[in-house]
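A short worksheet on the structure shown next.
The values are calculated or read from the model by the stated rules, or taken from the named source; none is laboratory data. Bear in mind the structure is a predicted one, so any value in this text is a computation, not a measurement. Methodologically, a virtual Cβ is constructed for each residue, glycine included, from the backbone with ideal geometry; neighbour enumeration extends over all protein chains shown.
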Amino acid sequence: MPELPEVEVISNFLLDKIKNKQISNVIVNNWNLRAPITKNIDDMLKGKVIRNIKRRGKYTIWNTDGSVAVIIHLGMSGKLIYADHDQMRNKHDHVVFLFSDNTSIIFNDPRRFGLVIVLNKEQETDFFSDFGIEPLTDEFSGDYLQELLKNKKVNIKSALMDNKSIVGVGNIYASESLFRARISPLRSAKNLTYRECEKLAAEIKNTLSDAIAAGGSTLKDYAQPSGSAGYFQNNFYVYGKVQKPCKICNNIITLIRQNGRSTYFCNACQN
Ligand SMILES: [Zn+2]
């Protein structure tokens, strides 16, 4: 599932490919994603020019020269493919955005947990109103994290994955950041010391930044958010490493379930 780095890489990719392009048509082949695609999407977007593309949490947002924006979430299996108009259509190509220069962006999503909607400014503000802090901003610090965690009665891994507190940190990057900070995912969130919060906030930023840097160098015409940005999965310390030795201490990596999700950690390195 795409997390913050993948969506950041994709948003940058799109910015490079479609900024200042005019939408000539939107073709919808299947209206039923996680929520229905906005009914009159074609009328709302026809003739509009893409002015900016940004990321908020795990959403990519296309601002146009009109008063509307396209909001896309890739769900579990979504891809955005850059192609010419006449590229062969594939199964699961649910939405095709056609641009006036004969290029297009195809939204392909076999499992259909993704989202493609068009919102006006007010609706956009509303949509993102209960989102947590962006972890790559300067505002997100050890102080901020400690304040955020002080009343949280859940384990630290679950706390990190709560989008209303911090956006974009999912299962992969929560596990990796906790390893880098040497903090056990079993710890109660509210019991982290100030030093630990400082270390963890820094390692969340480092882990996400490293993943973005790794992903940015691997994309061509195909934005494929298959779970980890580009080659960054080669740099995982714990995620998916069950029964493998820890890269630091050789202890065997432990796999447990927390809130129904897999958690990987080294019980020698992480306390
Ligand atoms: Zn270890």
- Query: Just one of the numbered conditions (1) modelled with pLDDT of 95 or more; (2) more than 30 Å from Leu136 (Cα to Cα) is not true of Arg51; which one?
  - Reply: (2)
- Note on the structure: Note on the stretch 90-130: residues among the hydroxyl-bearing types (Ser, Thr, Tyr), part of a strand (DSSP E or B) and free of Cβ contacts under 8 Å to residues at least 60 places away in the same chain are Ser104
- Hits in the stretch 131-170 - residues which are closer than 24 Å to Arg257 by Cβ and basic (Lys, Arg): Lys152, Lys153, Lys157, Lys164
- Message: Being in a loop (DSSP other than H, G, I, E, B), under 30 Å from Ala214 (Cβ atoms) and touching a strand residue (DSSP E or B) at 6+ places or on another chain (Cβ under 8 Å) is the filter here; which residues of the stretch 1-57 pass it?
- Response: Lys19, Asn20, Lys21, Leu33, Arg34
- Give the stretch 253-270 a look and list any residue that's closer than 20 Å to Asn171 by Cα and within 11 Å of the ligand (Cβ to nearest atom), or say none. Ile253, Thr254, Phe265, Cys266, Asn267, Cys269, Gln270
- Here, helices (runs of 4 or more DSSP H) confined to the stretch 131-229 with at least 3 residues that are surrounded by 15 or more Cβ atoms within 10 Å (Cβ to Cβ) and modelled with pLDDT under 95 are 171-180, 194-216
- Query: Can you tell me which residues in the stretch 230-247 are near the ligand (Cβ under 10 Å from one of its atoms) and in contact (Cβ under 8 Å) with a residue 12 or more places away in the chain?
  - Reply: Tyr237, Val238, Cys246
- For the stretch 248-262, pairs from a residue that is outside any loop (DSSP other than H, G, I, E, B) to a residue that is more than 16 Å from the ligand (Cβ to nearest atom), with Cβ under 8 Å and 6 or more apart or across chains, are Leu255/Ser262; Ile256/Ser262; Gln258/Asn155; Gln258/Lys157; Gln258/Ser158; Arg261/Met161; Arg261/Asn171; Ser262/Asn171
- Select from the stretch 28-56 the residues that are in contact (Cβ under 8 Å) with a residue 60 or more places away in the chain and in contact with a Leu (Cβ under 7 Å, 6 or more places away or on another chain) and write down the one among them that is surrounded by the most Cβ atoms within 10 Å (Cβ to Cβ). Leu33
- Task: Run down Asp101, Asp93 and say which single residue is more than 27 Å from Val169 (Cα to Cα) and within 21 Å of the chain's Cα centre (by Cα).
- Result: Asp93
